[in-house]
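Some notes on the structure that comes next.
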Amino acid sequence: MLTIIIPLATLLLSTWLTPSKRLWEIITTQSLIIAVMSTTWLMTQETSPFLNNYFTIDGISSPLLVLTCWLTAPTLLASQSKLSKEPISRQRTYIFTIIMLQVTTLLAFLADSMILFFIMFEATMIPTLIVITRWGAQKERMLAGTYLIFYTLFGSMALLTALLYFHETFGTMSISLAKSFSANYTLSTCSLTWWLACLIAFLVKMPLYGVHLWLPKAHVEAPIAGSMILAGTLLKLGGYGILRMNAFITDSFTPLAQPLVVFSLFGVLLSAILCSRQTDLKSLIAFSSVSHMGLVIAASMIKTEWSIIGSMVLMISHGLVSSALFCLANTSYERTNSRTLILLQGTQIIFPLAAAWWLLATLMNLALPPSPNFIGEMSILTSLFQWSNMTLILTGLGVVFTTAYSLYMFWSSQREHLPSHLNYLPPTHTREHILLALHILPALLLMLKPTLMF
């Protein structure tokens, strides 16, 4: 446990004690060292060590822990350009808020008790809200923050009630002990309400189509760091929560999950169609997250071995690829001050290397073989087809529209004729290429050994 606490505590202290001239370089280097150290957690999947009575690492949490640590350095790199012009006190506050957000997310993934997980799950809301409402670009950021609070708290109250009821009945909330329970439930109104209360907070966080309206607003109004963390790790808290609650929910509830699986697949299709109608680049990427997370929800609900593997792989690869797409959108926004697709067209002519990053990220987003997205989606589609042959219609259409909106995004932002107002843009910096390499290269390396995410 000390190997986790000491580096993170040092990072938080360095935010306030580092000389202002070298603030960004030292903090980014420290976070990169922590990210490299965290890769050792991938080797602890089979041993399932208890760090203490409250925290543990296993096969589900270790890839998500590594992803959270890995994305801290790119988050700081992406923010450096805009934030370095602000007063030093604001820079330190911003960095401290980002690191606190990552620390609370890490503790949520480490928690062995569901009550402790719930506390950390809610604690991530505070830094997220500060980042969006304080450093957002437009006045609508306050509305986005309000949406975020009310959607999340609506589900969380129900979850807290369900957890307290479970603790009252069984006397423990330990995830490790829950696997040995043989609780038999009779399907009644009370048990149905309890089942819904267990899942609603995580379905809002993912988000499920229908309770997703907070996500595009939050993404559009958030600064680049907020968008990267939201897409990279915070949405994964929802998927992780569903996988953890499966230990408490027995197979007697399986018939209840069937309408939810079908609805989430309809959500995949509808959000993919919505992506094709977007004019705002960040809004398009946000809706693509809703589409991908719909597949993860469906896979988590049917609870087969292949579906759990597929949902884990898709969550990890989506965290890297979606975060990379937001970085690319931000590089365009910093130069043109616009996110409208029609005003960004033709930039491939003046930024050919950036266009290569766009192409790689787009192809991974549409799950081109043998990318990790493809491995995850293929596992999920196979398990869904075995669950019901009719799901092939919805998943097949979802794949078609995902390909369509991904190519539409690339073509609209990179191809066509270059508008005259884009002729004199500053070139892309080495910092931005390093930032994108930190997203794309791990995704490419995971092709060589995807079992690290299983």
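The values are calculated or read from the model by the stated rules, or taken from the named source; none is laboratory data. A quick note: this is a predicted structure, and the numbers were derived from the prediction, not measured. Cβ sites come from the backbone with ideal geometry, for glycine too, and all protein chains shown count toward neighbours. These accessible areas exclude ligands, DNA and RNA; they are computed on the full protein's heavy atoms, side chains included. Shrake-Rupley method; radii C 1.70, N 1.55, O 1.52, S 1.80 Å.
Filter region 136-153 for residues that are open to solvent by less than 70 Å² (accessible area, probe 1.4 Å) and in contact with a Gly (Cβ under 9 Å, 6 or more places away or on another chain); which is nearest to Y209 (Cα to Cα)?
For region 136-153, the residue satisfying everything is A144.
Does region 1-11 hold any residues that are in contact with a helix residue (DSSP H, G or I) (Cβ under 6 Å, 6 or more places away or on another chain) and touching a residue at least 60 places away in the same chain (Cβ under 8 Å), and which are they? Spell out the reasoning first.
Within region 1-11, the subset in contact with a helix residue (DSSP H, G or I) (Cβ under 6 Å, 6 or more places away or on another chain) is 7-8, 11.
Residues satisfying the conditions are L8, L11.
Mind checking which pairs have a first residue in region 342-363 that is over 11 Å from E416 (Cβ atoms) and at pLDDT below 90 and a second that is aliphatic (A, V, I, L, M) and open to solvent by 70 Å² or more (accessible area, probe 1.4 Å), Cβ under 7 Å, 6 or more apart or different chains?
Pairs that qualify, where the first residue is over 11 Å from E416 (Cβ atoms) and at pLDDT below 90 and the partner is aliphatic (A, V, I, L, M) and open to solvent by 70 Å² or more (accessible area, probe 1.4 Å): there are none.
Please go through region 82-127 and pick out each residue that is part of a helix (DSSP H, G or I), of a type outside the set (D, E, K, R) and open to solvent by 30 Å² or more (accessible area, probe 1.4 Å).
Filtering region 82-127 for residues part of a helix (DSSP H, G or I) gives 82-83, 88-110, 114-123, 125-127.
Okay, now just the ones that are also of a type outside the set (D, E, K, R), so 83, 88-89, 91, 93-110, 114-121, 123, 125-127.
Residues satisfying the conditions are I88, S89, T93, F96, M100, L107, I115, L116, I119, M120, I126.
Of these, L235, L199, L164, which one is surrounded by fewer than 14 Cβ atoms within 10 Å (Cβ to Cβ) and closer than 23 Å to L107 by Cβ? First the steps, then the outcome.
Details: L235 fails: surrounded by fewer than 14 Cβ atoms within 10 Å (Cβ to Cβ); L199 fails: surrounded by fewer than 14 Cβ atoms within 10 Å (Cβ to Cβ).
Being surrounded by fewer than 14 Cβ atoms within 10 Å (Cβ to Cβ) and closer than 23 Å to L107 by Cβ holds for just one of L235, L199, L164, which is L164.
Tell me the residue from T133, T169 that is open to solvent by 70 Å² or more (accessible area, probe 1.4 Å), hydroxyl-bearing (S, T, Y), modelled with pLDDT under 95 and assigned to a helix (DSSP H, G or I), please.
Numbers: T133 fails: open to solvent by 70 Å² or more (accessible area, probe 1.4 Å).
Exactly one of T133, T169 is open to solvent by 70 Å² or more (accessible area, probe 1.4 Å), hydroxyl-bearing (S, T, Y), modelled with pLDDT under 95 and assigned to a helix (DSSP H, G or I), namely T169.
What tally of residues in region 408-430 results from selecting those that are surrounded by 15 or more Cβ atoms within 10 Å (Cβ to Cβ) and assigned to a helix (DSSP H, G or I)?
Residues in region 408-430 being surrounded by 15 or more Cβ atoms within 10 Å (Cβ to Cβ) and assigned to a helix (DSSP H, G or I): 7 in total.
When region 351-401 is examined, which residues are found to be open to solvent by 60 Å² or more (accessible area, probe 1.4 Å), of a type in the set (A, V, I, L, M, F, W, C) and assigned to a loop (DSSP other than H, G, I, E, B)?
Residues satisfying the conditions are L368, M390.
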